[in-house]
Amino acid sequence: MYKEVIRVEDITGFQSRSEEFFPLHWFRKMLSEHPVYYHEDTDTWNVFRYDDVKQVLSNHEYFSAEGTRTTIAVGAKNNEGTPPDKLNISSIDPPRHQKSRSLLSAAFTPRSLKNWEPRIRNIAEQLVADIEPNTTIDIVQALAAPLPSMVMADLLGIPLTDSHRFKNWVDILFQPTNPKTAEESELKKQTAAQEYYQFLYPIVVHKRTHPGEDIITDLLNVDVEGRSSRRMRLFARPCFCLEPV
């Protein structure tokens, strides 16, 4: 299940990094002049008004999330780099979407989120404590970059000492592909996917019989309307995309 990727820059024509990451001028122009815009070169529709966007996202009778194209390349073309169909809830329509989403959301309860708060706070405080006082630092390298990977590693039940490996794999799998280096990039993604799978899968198998205080255990124990995430084999392959549930 590898999709054709449409590069965002092919649609927008941005010329600089500032335009790419903070395109307010472009959004204002499109909202006022082309609120519903068809880009012929990429065969892509762009929608900018709130009510129109809401229709596209919610009216599944006319607009489907299922398709073979995306503007975001995630994963790799090998088996280990493809998200399992049961976890790919952003690309399926109701009623299948609600059933899969229910299994995931049952593990992310207010109680579990409350229990995670002190763990996340401790990691953030430790990173701040490790910063040498009265020095000039790179705040991204010292705090912003390691924090998400360390939090996810802890919540998945992965030792924090391995969080840097976790971050490296995810960075590679989410890295945009340049057409000029597409073949080289794909090989790196496939290698990262294989290493990630070989690292994570034994942990999942172990937690089936040795549960812990982590997301993997919660997902393995979920049961919604008689449908268990264990039977769904949620982690038969690694998933590289997390969305709110």
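Does at least one position in region 68-76 carry a residue that is more than 17 Å from Gln175 (Cβ to Cβ) and open to solvent by 50 Å² or more (accessible area, probe 1.4 Å)?
Restricting attention to region 68-76, the residues satisfying the condition of being more than 17 Å from Gln175 (Cβ to Cβ) are 68-69.
The next check asks that each one be open to solvent by 50 Å² or more (accessible area, probe 1.4 Å); those that pass are 68-69.
Among the residues of region 68-76, at least one is more than 17 Å from Gln175 (Cβ to Cβ) and open to solvent by 50 Å² or more (accessible area, probe 1.4 Å), which makes the answer yes.
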**Study point:** Subset of region 25-42 [exposed (fewer than 12 other Cβ atoms within 10 Å of the Cβ) and either within 25 Å of Ile89 (Cβ to Cβ) or among the hydroxyl-bearing types (Ser, Thr, Tyr) (or both)]
**Key:** Ser32, Tyr38
Practice item. Select from region 45-65 the residues that are modelled with pLDDT of 90 or more and open to solvent by less than 60 Å² (accessible area, probe 1.4 Å) and write down the one among them that is nearest to His97 (Cα to Cα). Key: Asn59
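Go through the residues of region 147-155 one by one and say whether even a single one is assigned to a helix (DSSP H, G or I) and surrounded by fewer than 11 Cβ atoms within 10 Å (Cβ to Cβ). Give the steps one after another, and end with the answer.
Restricting attention to region 147-155, the residues satisfying the condition of being assigned to a helix (DSSP H, G or I) are 147-155.
Next, from what is left, pick out any that are surrounded by fewer than 11 Cβ atoms within 10 Å (Cβ to Cβ): none.
Within region 147-155, not a single residue is assigned to a helix (DSSP H, G or I) and surrounded by fewer than 11 Cβ atoms within 10 Å (Cβ to Cβ).
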Practice item. Only residues in region 152-180 that are among the basic types (Lys, Arg) count as the first member; pair them with residues that are modelled with pLDDT of 85 or more and assigned to a helix (DSSP H, G or I), Cβ under 6 angstrom, at least 6 apart or cross-chain, and list the lot. Key: Lys167/Ser149
Review point. Among the residues of region 205-238, which ones are modelled with pLDDT under 90 and among the aliphatic types (A, V, I, L, M)?
Key: Ile215, Ile216, Leu219, Leu220, Val222, Val224, Met232, Leu234, Ala236
Check your understanding: How many residues are modelled with pLDDT of 75 or more, more than 18 Å from Val56 (Cα to Cα) and either buried (at least 17 other Cβ atoms within 10 Å of the Cβ) or aromatic (Phe, Trp, Tyr) (or both) if we restrict to region 81-99?
Key -> 1
Practice item. Could you please give the count of residues in region 15-24 that are surrounded by 13 or more Cβ atoms within 10 Å (Cβ to Cβ) and more than 16 Å from Phe48 (Cβ to Cβ)? Key: 2
Check your understanding: Restricting attention to region 144-165, does a residue exist that is farther than 27 Å from Leu103 by Cβ, more than 22 Å from the chain's Cα centre (by Cα) and among the aliphatic types (A, V, I, L, M)?
Key -> no
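If I ask for residues that are more than 30 Å from Glu9 (Cβ to Cβ), open to solvent by 70 Å² or more (accessible area, probe 1.4 Å) and acidic (Asp, Glu), which ones from region 195-214 would you list?
The first filter runs over region 195-214 and keeps only residues more than 30 Å from Glu9 (Cβ to Cβ), leaving 197-214.
Imposing the further condition that a residue be open to solvent by 70 Å² or more (accessible area, probe 1.4 Å) reduces the set to 198, 201-202, 206, 208-211, 213.
Answer for region 195-214, where residues must be more than 30 Å from Glu9 (Cβ to Cβ), open to solvent by 70 Å² or more (accessible area, probe 1.4 Å) and acidic (Asp, Glu): just Glu213.
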Exercise for review: Return the total of residues in region 156-194 being open to solvent by less than 70 Å² (accessible area, probe 1.4 Å), over 30 Å from Glu213 (Cα atoms) and not in a helix (DSSP H, G or I).
Suggested key: 1
Check your understanding: Can you name the residue in region 1-10 that is under 22 Å from the mean Cα position of the chain (by Cα) and among the acidic types (Asp, Glu) and is also farthest from Arg69 (Cα to Cα) among such residues?
Key -> Glu9
Revision key, fill the gap. Flagged pairs (Cβ under 9 angstrom, 6 or more apart or on separate chains; first in region 11-23, over 18 Å from Thr71 (Cβ atoms); second part of a helix (DSSP H, G or I) and not basic (Lys, Arg)) are none
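The values are calculated or read from the model by the stated rules, or taken from the named source; none is laboratory data. Predicted model, so just to flag it, every value in this text is computed and none were measured. Cβ coordinates were reconstructed from backbone atoms using ideal geometry, including for glycine residues, and neighbour counts include every protein chain displayed. These accessible areas exclude ligands, DNA and RNA; they are computed on the full protein's heavy atoms, side chains included. Shrake-Rupley method; radii C 1.70, N 1.55, O 1.52, S 1.80 Å.
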